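Some notes on the structure that comes next.
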Amino acid sequence: MFEESRLKIGETKKQLNVLKGVYVLIIRVEDDASVNVGALGKLTFEKGLYAYVGSAQNNLEQRIKRHLRKEKRLFWHIDYLLDNGTTKVVKVFHKQADKTEECAIAKVIGERGEPIDGFGSSDCSCKSHLFRIEDYRFLQDFMRVLYVKT
Ligand SMILES: [Zn+2]
């Protein structure tokens, strides 16, 4: 059964320290944005909702906190997108799973979303790990909510 835990990062320290697995960031792009995404070059993101799939096989807490932090060295494609002033992580889902499931979940989201070609998928054969989506409620069927922006 799906159990929603509306907890803020920081308040869930104990829990997150032992968590690892696959996560999905729900990102709101508040206005059409042209973003320089490292090696991918300049991409245009239409205003709307996006889902990004990643995995952290140790210290999920640190990884999520890093995504939520604005000040950081830009390393992953997702860092470039989140560095933009018009983007916000509004929700984070999590599932305890091996790294291999990261791509399986990307596939599931890909069936309902529009892939941003090559984004976050340099190390695998997926089309993308970032999708423009209309709705993220389906994720609640198999993932837990870890963070909700209030
Ligand atoms: Zn993949």
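Every number here is computed from the coordinates shown, using simple stated rules; none is lab data. Quick caveat, the model's predicted, so the values are computed rather than measured. Backbone-built Cβ (ideal geometry, glycine too); neighbour counts: all protein chains shown.
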Item checked: Which of Thr87, Thr150 has the fewest Cβ neighbours within 10 Å, and the rest in rising order -> Thr150, Thr87
Item checked: Longest site-free stretch - the chain; sites: GluC sites (Glu not before Pro), DSSP loop, at most 13 other Cβ within 10 Å -> 72-110
Next item on the list: Please order Val90, Val35 by the number of other Cβ within 10 Å, starting at the fewest.
Entry: Val90, Val35
Next item on the list: Sort the range 13-148 into rounded, prolate or oblate with this rule: let a ≥ b ≥ c be the square roots of the eigenvalues of the Cα gyration tensor; rounded if a/c is under 1.5, and if a/c is not under 1.5, prolate when a/b is larger than b/c, oblate otherwise.
Entry: rounded
Checklist line | trypsin sites (Lys or Arg not before Pro) restricted to DSSP loop in the range 29-84 with at most 14 other C-beta within 10 Å | finding: Lys47, Arg69, Lys70, Lys72, Arg73
Checklist line | Full-stretch length increase - Thr150, Asp98 - with 0.36 nm per residue and alpha-carbon distance subtracted | finding: 15.7 nm
Next item on the list: Using only Cα atoms, find the angle between the long axis of helix 100-110 and the longest principal axis of the chain, and express it within 0 to 90 degrees, rounded to the nearest 10.
Entry: 60
Checklist line | Positive minus negative residues near Gly48 (Lys, Arg vs Asp, Glu; Cβ under 13 Å) | finding: -3
Next item on the list: Between Glu30 and Glu111, take the C-beta separation as r, use R0 = 25 Å, and let me know the FRET efficiency to the nearest 0.05.
Entry: 0.45
Checklist line | Reach of Lys95 by Cα under 16 Å, taken over aspartates and glutamates that are not fewer than 8 positions away in the same chain | finding: Glu3, Glu4, Glu61, Asp141
Item checked: Ranked list, fewest to most other Cβ atoms within 10 Å of each Cβ, for Arg28, Arg137 -> Arg137, Arg28
